[in-house]
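Engineer: Would you mind keeping the following structure in view while I ask a few things?
The values are calculated or read from the model by the stated rules, or taken from the named source; none is laboratory data. For clarity, every value in this text was computed on a predicted model and none was experimentally measured. Heads up, the Cβs are rebuilt from the backbone with ideal geometry, glycines too, and the neighbour counts pull from every protein chain shown.
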Amino acid sequence: MSYEKVAQDKTRIVIGIKQTLKAMKNGEVSEVFIADDANQQLTQKVASLAVELNIPCHHVGSKEKLGAACNIEVNASSVAVKK
């Protein structure tokens, strides 16, 4: 389900940990997706900020599939959907 949502919202997505955190801090994000197989130290920052800012946070199984859903040829540890 989550991969499909990311794929549908391709025009409103932010890809990667740094860009996701930046967009979240700027109040531009409606929800985030985190790959379970990504580096937990990095993704924990996104998850913690999502809780702090009351942003829905969804976990998906594979960073490879998350990257594919974003239509990029590399893996994606996190993806944010802009408001």
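Engineer: Please specify each residue of segment 1-54 satisfying the condition of being among the β-branched types (Val, Ile, Thr) and surrounded by 12 or more Cβ atoms within 10 Å (Cβ to Cβ). Don't jump to the end; show me each part of the working.
Structural biologist: The initial filter retains those residues of segment 1-54 that are among the β-branched types (Val, Ile, Thr), namely 6, 11, 13-15, 17, 20, 29, 32, 34, 43, 46, 51.
Correct list: 6, 13, 14, 15, 17, 20, 29, 32, 34, 43, 46.
Engineer: Scan segment 64-76 for residues that are of a type in the set (A, V, I, L, M, F, W, C), surrounded by fewer than 20 Cβ atoms within 10 Å (Cβ to Cβ) and part of a helix (DSSP H, G or I) and jot them down.
Structural biologist: 68
Engineer: Any idea how many residues of segment 32-83 are under 15 Å from residue 17 (Cα atoms) and among the acidic types (Asp, Glu)?
Structural biologist: The number of residues fulfilling the criteria is 3.
Engineer: Collect the residues in segment 29-78 that are among the hydroxyl-bearing types (Ser, Thr, Tyr) and either touching a strand residue (DSSP E or B) at 6+ places or on another chain (Cβ under 9 Å) or at positive phi (or both), keeping them in residue-number order. Explain how you work it out, then say what you get.
Structural biologist: First, pick out the residues of segment 29-78 that are among the hydroxyl-bearing types (Ser, Thr, Tyr): 30, 43, 48, 62, 77-78.
Matches in segment 29-78: 30, 43, 62, 77, 78.
Engineer: I've got another one for you. Hey, any hits in segment 20-36 for a residue that's part of a helix (DSSP H, G or I), modelled with pLDDT of 95 or more and under 17 Å from residue 2 (Cα atoms)? If you could, list the steps in order and put the result at the bottom.
Structural biologist: Start the filter on segment 20-36 by keeping residues that are part of a helix (DSSP H, G or I), which leaves 20-25.
Now drop any that are not modelled with pLDDT of 95 or more, which leaves 20-25.
From the residues that got through so far, the ones that are under 17 Å from residue 2 (Cα atoms) too are 20.
Yes, segment 20-36 contains at least one residue that is part of a helix (DSSP H, G or I), modelled with pLDDT of 95 or more and under 17 Å from residue 2 (Cα atoms).
Engineer: Among the residues of segment 37-63, which ones are in a helix (DSSP H, G or I), touching a residue at least 12 places away in the same chain (Cβ under 8 Å) and not polar (S, T, N, Q)?
Structural biologist: Step one: of segment 37-63, the residues in a helix (DSSP H, G or I) are 40-53, 63.
This time we only want the ones that are touching a residue at least 12 places away in the same chain (Cβ under 8 Å), so: 42-43, 45-47, 49-50, 53, 63.
The answer is 42, 45, 46, 47, 49, 50, 53, 63.
Engineer: Same structure, new question: Quick check, is residue 81 outside any helix (DSSP H, G or I), at pLDDT 95 or above and under 13 Å from the mean Cα position of the chain (by Cα)? Quick ask: steps written out before the conclusion?
Structural biologist: Details: outside any helix (DSSP H, G or I): yes; at pLDDT 95 or above: no; under 13 Å from the mean Cα position of the chain (by Cα): yes.
When the stated conditions are applied, residue 81 does not pass them.
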